[in-house]
Amino acid sequence: MTPHPPATTVPVNAAAPRVSHAVAALALSLLLGLQPITTDVYLPALPMLARALDAPMSAVQLTMSALILAFGVAQMFWGPMADRIGRRPVLLAGLALYAVSSVGCALAESIATLVAWRVVQGAAMSAGVVCARAVVRDLYEPVEGAQVMALALSGLGAIALAGPLAGGMAAASWGWRGPLALVVGVAALTLAFIAWRLPETLQHRNPRATQLRPLLHQWVQVGQHPVFVAWAALVACSYGGLFTILAGSSFVYMDTLGLSPGRYGAAMAAGSLSYLVGTLVCRRWIARLGMAGAVRRGAWFTLAAGVSIAALALLGVHGLWALLLPQCLFLFGHGILQPCGQAGVVAPFPRAAGAASALAGLVLALVAFGVGRWLGMALDGSVRPLAFGVAFWSALTCTVAWTLVQRLSR
């Protein structure tokens, strides 16, 4: 059952605010784009950082996995808080903290200090992402929300396309601190735009949203809802494959295959372009086939990516194209699956969108943290850990897409 609305709510706006699709999509692109900006721009600097700070692989991977874990756990605070006091104050506070922590990362003098600031950065970043999903549910019904989310993720794809290129150039010019300095600029830009153009979208505050007992009860109800389970599992599994690429590709492409930071950034940008095209296709397929139908088709690209990257690795084909082409296939499928999943996890919960978004984010973060810790042990100078990791998550993603998600349409 859908969780019952609280007995008492406090009106914020008499009616839903008028926010154009263009403004909403741009705001969502910037907020959701914080996640790839925080990870993708930084990727070309990872091998350089390891050498500059004399850090072991496990510690370097922790700068990624600890950030994602903090990102997921903090959503359990920001989501209910956004339901209680509104989206806008949570966004402004979170973005301000994100900007401060980004400066701390750029100035860090040791791997321990960098990990600590990355934890703060991940916790702050989660305010933007969890509120972005909730804003979609505040303004739109599920199908329209999925279409707006697809438009927003097209903008996110453009950000993700530019990120690795900019990060590669910054790393080549200024060393490992260069990409982190770019993140500071993005943080300031996002904070300024949200403060300027995005109004409060929550129509009714829930004063009980942060009370522990009702909150736990609400999370249990959300976590047991079959719609939430299906979409959250899809989002988490597909992101597991993406995070395998994010956390492992720089070492494989640069250390094993010998790419420069600039060429590695271009390789990652090719994947981002595939993701962008996937989001555009997603918008058309949602209109024609519905969300479950779009997922059913999109999962074939995910399967093709997993099978091809694993088969080529087993056959000993270790050229750049043997990784890059399956990676592009995977990211194309990811661009179709993610808009549906992001809208789907909050669809049944118009009065608890923040809590539902937070719970989905926690599941995703736990998966990514596990991937990061595994890669810290598994990366061995060959392409196989990366290839087999992507194949594993591709198989799980397709299983969810063709079973749990399809049952929703019936």
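Overview of values
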item: Pairwise Cα inverse-distance average, inverted: Kirkwood Rh of region 140-283 (Å); result: 18.5
item: Residue-by-residue Karplus 3J(HN,Hα) for region 175-192, coefficients 6.51, -1.76, 1.60, Hz, glycine and proline x; result: x, 5, 6, x, x, 5, 5, 4, 4, 4, x, 5, 4, 5, 5, 5, 4, 5
item: Additional length obtainable on full extension of the chain from Trp402 to Glu144, 0.36 nm per residue less Cα span; result: 90.6 nm
item: Residue-by-residue Karplus 3J(HN,Hα) for region 251-267, coefficients 6.51, -1.76, 1.60, Hz, glycine and proline x; result: 5, 6, 5, 8, 7, 7, 8, x, 6, 6, x, x, 5, 5, x, 5, 5
item: Whole-angstrom gap from region 57-115 to region 129-169, using each part's C-alpha centre; result: 19
item: Karplus (6.51, -1.76, 1.60) ³J(HN,Hα), θ = phi - 60°, over region 283-294, in Hz, Gly and Pro reported as x; result: 4, 5, 5, 4, 4, 8, 10, x, 5, 5, x, 5
item: Likely footprinting exposure, Thr201, Thr210, fewest C-beta neighbours within 10 Å first; result: Thr210, Thr201
item: Cα-based helix-to-principal-axis angle, 320-344 vs the chain, degrees rounded to 10; result: 10
item: Most mobile listed residue (Ser58, Ser101, Ser29) in the chain, GNM with C-alpha springs under 10 Å; result: Ser58
item: Degrees, to the nearest 10: 226-250 long Cα axis against longest axis of the chain; result: 30
item: Ascending count of other beta-carbon atoms within 10 Å, so fewest first, for Arg87, Arg283; result: Arg283, Arg87
item: For Arg205, residues with placed amide H under 5 Å, excluding near neighbours; result: Val10, Val12
item: Residues with amide H under 5 Å from that of Thr210, placed H, sequence gap 5 or more; result: none
item: Degrees separating the helix 212-224 axis from the principal Cα axis of the chain, which is the longest one; result: 70
item: Helix-only [θ]222 nm of the chain, DSSP H runs n ≥ 4, -39500 (n - 2.57) each, per residue, nearest 500; result: -28000 deg cm²/dmol
item: Kirkwood-based shape ratio for the chain, expressed as Rg/Rh from alpha carbons; result: 0.96
item: Under-5 Å amide H pairs with Leu259, H placed in peptide plane, nonlocal only; result: Met254
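Any read-out appearing in this document is the output of simple, stated calculations on the displayed coordinates, not a laboratory observation. Note that this is a predicted model, so its numbers are computed, not measured. Cβ sites come from the backbone with ideal geometry, for glycine too, and all protein chains shown count toward neighbours.
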